[in-house]
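Notes follow the structure.
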Amino acid sequence: MKKQLILLLIAFFSIVFVSPAQVMETIVLPTANQSGGMPLMEALKNRQSQRSYSSKELTQQQLSDMLWAAYGINRPDGFRTVPSARTWNEFDIYIIKAEGWYVYDPQKHAMLKLGNEDLRVYSATQDFAHKAPVNLIFVADFDRMTNADDDFRKFYSAADAGYISQNVYLYCASEGLATIVRGQIDKVKAREVLKLRPNQHIILAQTVGYPGN
């Protein structure tokens, strides 16, 4: 009974808190490839930050694999590919692309489309990110981080964002893609265009794409 209650709480705090009225389309992603890829030590050797990007789009399979690596469910009990303080699972990953913007739903392994606008200019203050096909914005929902003060929430959300971004780095190293994690984002304007609630906080952003020339 106790185990069932714990699993129920994990599932509850894993929910993406987006109003159904906001969702324009649910794009169920292909099943993520959970085997193969580059050996870990080789991926660590190849991991790097890059600031030059091609505009070439990622495939749906690449988006699926990357998002699963970043924050997907990797066990039947609902736990993730990254650790989370107190199993809060406080993050929502916003995906910013030329044709619109989305939020990742790990339970459905789907991208929920929230708008048709190209918001890449708001996802970074650096020009190179405006050309890249994908920008991720890691948003911590402090409402999920119960029984903690704001200092505690800020510290652990920063740590948890680091785990997510490193998983994206290792996926990109394995797949020959370029990436860079960034703190340079106009959080006030990005919060406005993403229509975030008061207790949703932008922690970091990350650019992903094919290497440029």
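Regarding V18, is this residue at negative phi, modelled with pLDDT under 95, part of a loop (DSSP other than H, G, I, E, B) and surrounded by 12 or more Cβ atoms within 10 Å (Cβ to Cβ)? Considered against the rule, which asks whether it is at negative phi, modelled with pLDDT under 95, part of a loop (DSSP other than H, G, I, E, B) and surrounded by 12 or more Cβ atoms within 10 Å (Cβ to Cβ), V18 comes out as yes.
Scan region 50-80 for residues that are assigned to a helix (DSSP H, G or I), closer than 18 Å to Q107 by Cβ and among the polar types (S, T, N, Q) and report the count.
1
One residue stands out in region 101-128 among those that are among the aliphatic types (A, V, I, L, M) and either touching a strand residue (DSSP E or B) at 6+ places or on another chain (Cβ under 9 Å) or surrounded by 22 or more Cβ atoms within 10 Å (Cβ to Cβ) (or both): the one that is nearest to F91 (Cα to Cα), namely V103. When F142 is tested against (1) touching a Lys or Arg at 6+ places or on another chain (Cβ under 8 Å); (2) of a type outside the set (D, E, K, R); (3) under 24 Å from Q62 (Cβ atoms), exactly one condition is not met: (3). Would you check if G36 is in a loop (DSSP other than H, G, I, E, B), more than 11 Å from the chain's Cα centre (by Cα) and either among the hydrophobic types (A, V, I, L, M, F, W, C) or within 24 Å of T146 (Cα to Cα) (or both)? Against the criterion (in a loop (DSSP other than H, G, I, E, B), more than 11 Å from the chain's Cα centre (by Cα) and either among the hydrophobic types (A, V, I, L, M, F, W, C) or within 24 Å of T146 (Cα to Cα) (or both)), G36 does not qualify. Regarding S54, is this residue surrounded by 14 or more Cβ atoms within 10 Å (Cβ to Cβ) and touching a strand residue (DSSP E or B) at 6+ places or on another chain (Cβ under 9 Å)? Considered against the rule, which asks whether it is surrounded by 14 or more Cβ atoms within 10 Å (Cβ to Cβ) and touching a strand residue (DSSP E or B) at 6+ places or on another chain (Cβ under 9 Å), S54 comes out as yes. Scan region 81-90 and give yes if some residue there is of a type outside the set (A, V, I, L, M, F, W, C), surrounded by 19 or more Cβ atoms within 10 Å (Cβ to Cβ) and assigned to a helix (DSSP H, G or I), otherwise no. Checking region 81-90: not a single residue is of a type outside the set (A, V, I, L, M, F, W, C), surrounded by 19 or more Cβ atoms within 10 Å (Cβ to Cβ) and assigned to a helix (DSSP H, G or I). Number of residues in region 53-100 that are touching a residue at least 12 places away in the same chain (Cβ under 8 Å), farther than 23 Å from L114 by Cβ and among the charged types (D, E, K, R): the value is 3.
The values are calculated or read from the model by the stated rules, or taken from the named source; none is laboratory data. Keep in mind that what you see is a predicted model, and the values were worked out from it rather than measured. Cβ atoms come from the backbone with ideal geometry, glycine included; neighbour counts cover every protein chain shown.
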